[in-house]
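A short write-up of the structure that comes next.
The values are calculated or read from the model by the stated rules, or taken from the named source; none is laboratory data. On a predicted model such as this, the values are computed, not experimentally measured, just so you know. Positions of Cβ are generated from backbone atoms using ideal geometry, with glycine treated the same way; all protein chains shown enter the neighbour counts. Only protein heavy atoms, including side chains, enter the accessible area calculation; ligands, DNA and RNA are left aside. Shrake-Rupley method; radii C 1.70, N 1.55, O 1.52, S 1.80 Å.
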Amino acid sequence: ARLAALDTQGWYQHTLPHPTLGKLFGIEKITPDTLRNESISFAGNEYQAWFNRDQLKLQKNVTVLARFSDDLPAVSMAKRGQGLGVYLATQADMAHIENPAESLLQNVIERINHEKQILPQFQMEFDSPRATGIDPHFLSDGKKLWILFSNYLKHDREGILSANVDTITTPKIIREIFPNNLNLPFSVEQGLLSIQLKFSKKEVKIIEILME
């Protein structure tokens, strides 16, 4: 939610939202507010609200996906060209950390992906369901793809990185370039690329995928 308080150079804006981001998310006005005992209703389920929120005045063409118990918008979605601007007006990441099974952030993303038929380019499956603590970031120049992982956990973890080969070019070489320098085995079965990965505690890892 606090993204709307920053401009493109990261400077805090005292007038909320910043004009460019306000247009993207379809927000006319933001008023910071402290939560008291409000909860959030989304898709027939109730979620705990954490700490603070933004009171939103939305443009008419914006869809409200979730509401606080006092009926103010909690999650909104604005259509912009071929994309969507989804705004969460509270600290939804806290629930994702405390209890992933009741994560509003995760469930909103899954619901939108399903309804809009959005297929993620890559997916991570860990050795425990809905595990948290490993953060991937993707960079690409069209010929190579780099994936940067940060394991914030104090223990080792294993996971499988997978991708539908319809969404990427079939890889030629996959290798770890940090902290080690070695080729990684991978498989492609029934159109699904799979890479087995192991993370040491507190490890930062970078893998490079060279496309054909």
Quiz item: How many residues, within segment 184-212, are polar (S, T, N, Q) and either closer than 15 Å to Ile147 by Cβ or touching a Gly at 6+ places or on another chain (Cβ under 8 Å) (or both)?
Solution: 2
Quiz prompt | Which numbered condition Tyr47 misses (of (1) open to solvent by 60 Å² or more (accessible area, probe 1.4 Å); (2) in contact with an Asp or Glu (Cβ under 7 Å, 6 or more places away or on another chain); (3) under 30 Å from Ile160 (Cα atoms)) | solution = (1)
Quiz item: If the Cβ limit is 7 Å and pairs must be 6+ apart or interchain, which residue in segment 143-167 that is touching a residue at least 60 places away in the same chain (Cβ under 8 Å) pairs with which residue that is buried (at least 19 other Cβ atoms within 10 Å of the Cβ)?
Solution: Lys144/Ile209; Leu145/Ile209; Ile147/Ile207
Self-check item: segment 42-84 - residue that is at pLDDT 95 or above and small (Gly, Ala, Ser) and, of those, farthest from Ile109 (Cα to Cα)
Solution: Ser69
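Residue-by-condition table, conditions (1) over 19 Å from Pro120 (Cα atoms); (2) out of contact with any Ser or Thr (no Cβ under 7 Å at 6 or more places or on another chain):
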position	(1), (2)
Tyr152	yes, yes
Asp156	yes, no
Val165	no, yes
Gln196	no, yes
Quiz item: Condition test on His155, is it in contact with a Lys or Arg (Cβ under 6 Å, 6 or more places away or on another chain) and at pLDDT below 90?
Solution: yes
Quiz item: Quick one: is Ala89 modelled with pLDDT under 90, open to solvent by less than 50 Å² (accessible area, probe 1.4 Å) and aliphatic (A, V, I, L, M)?
Solution: no
Exercise. Name the residue, out of Ile168, Ile160, that is open to solvent by less than 70 Å² (accessible area, probe 1.4 Å), among the β-branched types (Val, Ile, Thr) and at pLDDT 85 or above.
Key: Ile160
Exercise. Please list, ordered by first then second residue, the pairs with beta carbon atoms under 7 Å, 6 or more apart or interchain, first in segment 114-125 and open to solvent by less than 100 Å² (accessible area, probe 1.4 Å), second in a loop (DSSP other than H, G, I, E, B).
Key: Gln121/Thr167; Gln121/Ile168
Quiz item: For Ser150, are the conditions met, namely being among the small types (Gly, Ala, Ser), over 30 Å from Gln82 (Cα atoms) and either at pLDDT 90 or above or touching a helix residue (DSSP H, G or I) at 6+ places or on another chain (Cβ under 6 Å) (or both)?
Solution: yes
Practice problem: State which residue is most open to solvent (accessible area, probe 1.4 Å) when the search covers only segment 132-142 and only residues that are modelled with pLDDT under 85 and part of a loop (DSSP other than H, G, I, E, B). | Solution: Gly142
Exercise. State whether one or more residues within segment 203-211 are over 30 Å from Glu102 (Cα atoms) and surrounded by fewer than 14 Cβ atoms within 10 Å (Cβ to Cβ).
Key: yes
Exercise. Quickly run through segment 175-191 and pick out the residues that are touching a Leu at 6+ places or on another chain (Cβ under 9 Å), over 14 Å from Ile160 (Cα atoms) and open to solvent by less than 70 Å² (accessible area, probe 1.4 Å).
Key: Glu176
